[in-house]
Each structure stands twice: as structure tokens, then as C-alpha cells.
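First comes the structure, then the notes that go with it.
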Amino acid sequence: MAFVEPVTLDKNGVMLTPLTLGHEDGLRQAAADGELWNIRVTSVPEPENTRKYIEDALAMREAGSRFAFAVLDTSTGKVLGSSSFHDILPAVKRVEIGYTWYAKSVQRSHVNSTCKLLMMTHAFEVLGCHVVGWRTDNFNFASQTAIERLGAKKDGVIRGHALRRDGTIRDTVMYSMRSGEWPEARAQLLYRLNMPR
């Protein structure tokens, strides 16, 4: 039995459902909203690589190291982006949340906060994780700010850690949250989601 089993999560008009090849066209359209593949500090697939992106995610699911979700608008079924549990370590009850990206038209909306609330709730309260982690490119300042807003603590920087799509070598900024920190982070997330926009 896999540590992360297939599950569908939804709240506030946002649904996380297991990523399948059936989401290919929707993912391609979401990435095209802002031509997100041109952002050098993200891993958004180019249109011609969308199928391979999904196939790679499904292979990682089979291996137990990643569980990818399609992010949908509940009312329309439109694909808004994707997010994943990854670097899944059942023995220490740790997952990371990443491979996250959204169509430009829903960035800076309630979508990311809702997805993180759903995934963190599932990780801490259903899977019983002791730690949830995040990682991001040292030049992805928007991602760093979003992770810090969740209440995650910066663990440090792994220098010369990974290749970017343009062939340059990135430093990776690591963050984490322990289960004891989750109740306060959850309260803050709910407070922000309930604020008038």
C-alpha cells in the first residue's frame, strides 16, 4: 500500500484530483495562459512536452516518490494548474509539496492558498506527517514569499543543487513545517482565505 493513496480534495471551488493523461489538453491550456514555460525558474512543461510531463509524474507515482494532482475549477472542470506531493518518505512520515504552478489568470487569487490548505491538511491530519517540506529556486522570489506566508520555516540553501531548463545551475532554498506548527499555520490560512477580497 502506497503512503499517498489516490484521493480527491476540494474546497472553495477548487478541486485537486489525481493527475491523468486525460488532463493533457487542460494542462497545456493552463500553461499557455501566461506562457509559463518561459519562466526560467519553474518546471512548467512546454506545450509539446505536456504528455511527457504527465507520463513522468505517473512513473514517479508508480515508484512511490511523487503523487501529482491536477488543479481544477470545481464549477467548470477547467484545469488551472498542477501540484504534487513529492520526495515522499514514509519511514519518517515526511512529504514535500511542489511541482506547483497555475495559469496566470488565477495567480494571486485564492487558488494557491486553497490548494496548500487542502494538501497540508491531508498531509498532517490524514497521512500523519511529522514534517511537510518545500523547495524552490533561489531566484524564485515569488515562490519563497508564498511559502513563507504559509508559516514554513527556512531550513537553508543547498548550493549548486539542480539544473534549470536553460542549463544554468541553481541553488535550492529549502523550507519545512513540523506537525506542531500546523494548528497555528492552519488558523492563519483559514483567516486569510476568509478575508474579503
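Points to keep in mind about this one:
- Ligands, DNA and RNA left out, the 1.4 Å accessible surface of the chain is 53% carbon and sulfur atoms.
- Sorting 15, 174, 195 by solvent-accessible area of protein heavy atoms yields 195, 15, 174, largest first, with a 1.4 Å probe.
- Placing 17, 168 in order of accessible area, with the largest value first and a 1.4 Å probe, yields 168, 17.
- Per residue value of the accessible surface for the chain (all protein chains in place, 1.4 Å probe), Å²: 51 Å²
- Residue-wise HN-Hα couplings along segment 171-184, as the Karplus relation 6.51 cos²θ - 1.76 cosθ + 1.60 with θ = phi - 60° gives them from phi, are 8, 10, 8, 9, 10, 7, 9, 8, 4, x, 8, 5, x, 5 Hz; Gly and Pro carry x.
The values are calculated or read from the model by the stated rules, or taken from the named source; none is laboratory data. All values derive from a computational prediction rather than experimental measurement. Keep in mind that these areas ignore ligands, DNA and RNA; they rest on the heavy atoms of the full protein, side chains included. Shrake-Rupley method; radii C 1.70, N 1.55, O 1.52, S 1.80 Å.
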